[in-house]
Every structure is written in C-alpha cells, then in structure tokens.
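Take a look at the structure below.
Nothing in this text is a laboratory measurement; each read-out follows from the coordinates by a stated rule. Computed from a predicted structure; not experimentally measured. Note that we place each Cβ from the backbone using ideal geometry, even for glycine, and neighbour counts take in every protein chain shown.
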Amino acid sequence: MNGRSLFERLGGSPGIQALVEEIVALHMENPMIKARFLPYLETPEKLQVTKQHLCAFLEAGSGGPGQYTGRSMQMAHRGMNINEAEYMAALDDILTALRRHNIDEQTQKDVLAIAYSLKGEILHV
C-alpha cells in the first residue's frame, strides 16, 4: 500500500485510538458478547486501562511506536472460555469499526488476518 505501514494506514495513534473507542462501544452493544464487557462500566478506571492496553497492542503490532507491556493474549483471555461464536462476533465489531472509519479494504483484510492469527491464543483458554 504505497510503502505505508499498517500503523499509518490505520491513521497513526489518533486513528487507532478512535478505532478502539468504536470497537469497545460496539462490543458493549453486541448481544453476543456485551455481558463480558458491561462490568467495565462499573469500573471506569479498568475500562480506561483496557483501552490503553488495546491501543498500545495495536500500535506495536501495526508497526507504530507504541510499546505493549500488558499480558499475553493467552493470559489476558485465560479462564474466559470464549467460544467460536463470541470470537466471530468480536471480529464482526472490529470490521464494522474499520468500515465506519473508512479504512480501505486491504487494510481491513490485514487487520483481520492478524486477529485470526491470534485465535488459538484466545479461544477456550
């Protein structure tokens, strides 16, 4: 994509932050997974930390300057017993957010490829 990194194609730090806000909002409305996210509304500090970790994870993973210092995917999802339908619902929310932010189709595919690569670290752990 014209030599631009995934980080740049996502709009840099501001673009990633906007995407994270949208994705989390969509997760909280999604009937398939919202029960997992609504408890965060009771602890706004925890929600903010989670968003910061997600931004850093996406920045670092997309070639940006962010440094992710949180838990591994497997540790972050341990004990949650996430099933295939929930995983797909989360991916649908990510795709919806990318489209709403006018992210081009190739970049959408690149983001989804990364998400799919993490599937084994998220499901049923």
**Message:** If a residue must be buried (at least 17 other Cβ atoms within 10 Å of the Cβ), farther than 17 Å from A90 by Cα and among the β-branched types (V, I, T), how many such residues does region 33-76 contain?
**Reply:** 0
**Prompt:** From the set of residues in region 77-120 that are among the hydroxyl-bearing types (S, T, Y) and surrounded by 14 or more Cβ atoms within 10 Å (Cβ to Cβ), which is nearest to P31 (Cα to Cα)?
**Reply:** Y87
**Request:** Taking only region 67-102 into account, find how many residues are closer than 18 Å to A35 by Cβ and of a type in the set (G, A, S).
**Result:** 5
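How many residues are without any contact (Cβ under 8 Å) to a residue 60 or more places away in the chain and closer than 17 Å to L91 by Cα when one looks only at region 1-32?
9
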